[in-house]
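Have a look at the structure below before the remarks.
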Amino acid sequence: MSDPAQIIVEDVSHHYRPAVGREVLALENVSLRVREREFLALLGPSGCGKSTLLYLIGGFLPIGTGKILVDGKAVAGPGPDRGIVFQNFALFPWKTVRKNVLYGLERQALPRHERETRAQAFIDLVGLTGFEESYPSQLSGGMKQRVAIARTLAFDPRMLLMDEPFGALDAQTRSLMQSELLAIWEKTRKTVIFVTHDVHEAVYLAERVAVMTARPGRIKTIVDTRFDKADPEVHRAKAFVDKVDEVWSLVRDEAVKALEKRPP
Amino acid sequence: MTVVPAPKAAAPHVLVRYAPLLILALAWEAASRLHLVSSLALPPFTDVVQAWVELLWSGELVSNGLSSLYRAGAGLALAIAVGSALGIFMAISRPVNAMLGPLVELFYPMPKSALIPVTVLWLGFGDGSKILLIFLGCMLPVTIGAYNGARGSDQHLIWSARSMGARGLRMIWDVVVPSALPELLNGVRTALALSFILLVSSELIVARQGLGNLIGYLGANGSYDAMFAVVLTVAFIGFLADRVYQAVVERVLRWRE
């Protein structure tokens, strides 16, 4: 029988050695299953290792103990099946919007005009028509993150790994980007792992929220957060507000612990 | 959404900007004509201009100038090519850095003019020794610029490119080199200035032609007005080269905010 999970994290621990001081245990015996086409949020206080877990799934960091399977294969490095979006956008500053979006497509065996058409389609999808020849330095934070999302969607990865993608944006832009991301997810139905420390954002976006403990990071519990997200009043719905409270109480204890553990 | 660039502060008119130069030339002329200084030490500016025109007509300025430009250009081109490659490989490879890092640190502060007799001993009085000297003297600023720039490559940018399928040399060319470019080009600007210093001093000491040689020859024969004309020519070429270079850099780095 085949397993319905697309991403399987099993008993993964991870240490890192800071520039000064002793080795730090960032993740301890983390196990997690993410289903295909699911939107999962990884939620936890800062320093809990949620980004580290995402980087391990992305193949950017070596896996110490445990194993991570993506589509049945052990992760052994980054690959175009897993698209990544970072908080700092990570756009090529020397490339225009169009060339940024084309970059991933250029590594694929597609005819030139098809690459151009695809790039344009995703620039249009994220609402940046007319900005094709702009450089990232000429764009606002929200626009930069749209370019990054378009660039990642354009090369058609099977899943999106998003590392606090809206963390650097102002509140209005963030809320706008959240509904746009949901709309895009409805359209493309890719598997999404979304790292955030914002409870509201996690509950609003994700179908399931995995709450992590303070360092060393473990999965504390997983909360089902499915609602009718199309409802424009969802933020005020009682079920939604209750769910935010429930998740917030789970995270609060960990946030307090994280604060206490912070070096003086 | 600031797509419109901020307005730049209005630049003063060219004539206003370079007015101090005009004042300097007038003061020079007056000091010499009024015998405030000996006209041997400082020939009148108009005499210098006249000597410059004569040098130009005789073809001496052009032939020596071309010879100098060839030496500086070849040495600088080699320095940029080798220096960039060294700096970038030092930044991405620990063994390369371990090998070359101490050598770069050791040779960087050394006054490169000390190598003039050495390069002459190796390659003689011709172009070769000047090109080698300029190459050796100009390489390290480029290397250090490339190294610092490449080391500052954004980790997330490298990861992004990797997830989109870039590996090895492709990654270096697509991400590391452009990341290094601003600092690398700064290093090249330093190298450009150094190349003129090394060119003229090596030609002054041992050469059969070139602008530095011409300065030395005219000075030794007492043609001071012509000597000053060549000195001013060298200064002007240096200034022009820097200006052109900066314009090129501005164009290449136009993606920066």
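Structure data summary
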read-out: Neighbour cut-off at most 13 other Cβ (10 Å), DSSP loop, chymotrypsin sites (Phe, Trp or Tyr not before Pro), region B:83-176; value: B:125
read-out: Between region A:67-133 and region A:204-257, the Cα center-to-center distance that results, in Å; value: 30
read-out: Zone of residue B:123's modelled label, taken as backbone nitrogen in region B:45-64 under 15 Å from a point 7 Å along Cα→Cβ; value: none
read-out: Relative contact order [Cα under 8 Å, 6+ residues apart], chain A, whole percent; value: 26
read-out: Sum of -39500 (n - 2.57) over DSSP H runs of 4+, divided by residues of chain A (222 nm, nearest 500); value: -11500 deg cm²/dmol
read-out: Entries in A:187/A:238; A:220/A:243; A:220/A:257; A:190/A:229; A:50/A:187 that, when Cα-Cα distance is taken, lie over 19 Å; value: A:187/A:238; A:50/A:187
read-out: DSSP-loop GluC sites (Glu not before Pro) across region A:99-189, with at most 12 other Cβ within 10 angstrom; value: A:133
read-out: Surface/4 estimate of mean projected area, convex hull on alpha-carbon atoms of chain A, nm²; value: 15.8
read-out: Estimated translational D of region B:51-256 in µm²/s (Stokes, Kirkwood radius over Cα pairs; 10 °C; 1.306 mPa s); value: 86
read-out: Low-density loop positions, trypsin sites (Lys or Arg not before Pro), region B:163-237 - DSSP coil, at most 16 other Cβ in 10 Å; value: B:167, B:208
read-out: Carbon + sulfur, % of accessible area of region B:31-110 - ligands and nucleic acids excluded, 1.4 Å; value: 73
read-out: Where only C-alpha atoms are counted, convex hull volume of region A:113-264 per residue in Å³; value: 144
read-out: Dipole moment magnitude, nearest 20 debye, chain A about Cα centre, only Lys, Arg, Asp, Glu C-beta charged; value: 580
read-out: Exposed trypsin sites (Lys or Arg not before Pro) absent - longest run of chain A, DSSP non-H/G/I/E/B, at most 11 other C-beta within 10 Å; value: A:23-225
read-out: Kyte-Doolittle at least -1.0, axis length at least 24 Å by Cα - qualifying DSSP helices, chain B; value: B:60-92, B:127-151, B:177-205, B:224-252
read-out: Contact order relative to length of region B:51-256, as percent, for alpha carbon pairs under 8 angstrom and 6 or more apart; value: 27
read-out: Accessible surface buried upon A-B contact (total; probe 1.4 Å; Å², nearest 100); value: 2400
read-out: Lys/Arg +1, Asp/Glu -1 at C-beta; region B:51-256 dipole; positive extreme among B:173, B:218, B:206; value: B:173
read-out: Once the Cα gyration tensor of the protein assembly as shown is diagonalised, semi-axes √(5λ) in Å; value: 62, 26, 21
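The values are calculated or read from the model by the stated rules, or taken from the named source; none is laboratory data. Everything quoted here is computed from the prediction, not taken from an experiment. As a convention, Cβ positions derive from the backbone with ideal geometry for all residues, glycine included, and neighbour counts pool all protein chains shown. Accessible surface areas use protein heavy atoms only, side chains included; no ligands, DNA or RNA. Shrake-Rupley method; radii C 1.70, N 1.55, O 1.52, S 1.80 Å.
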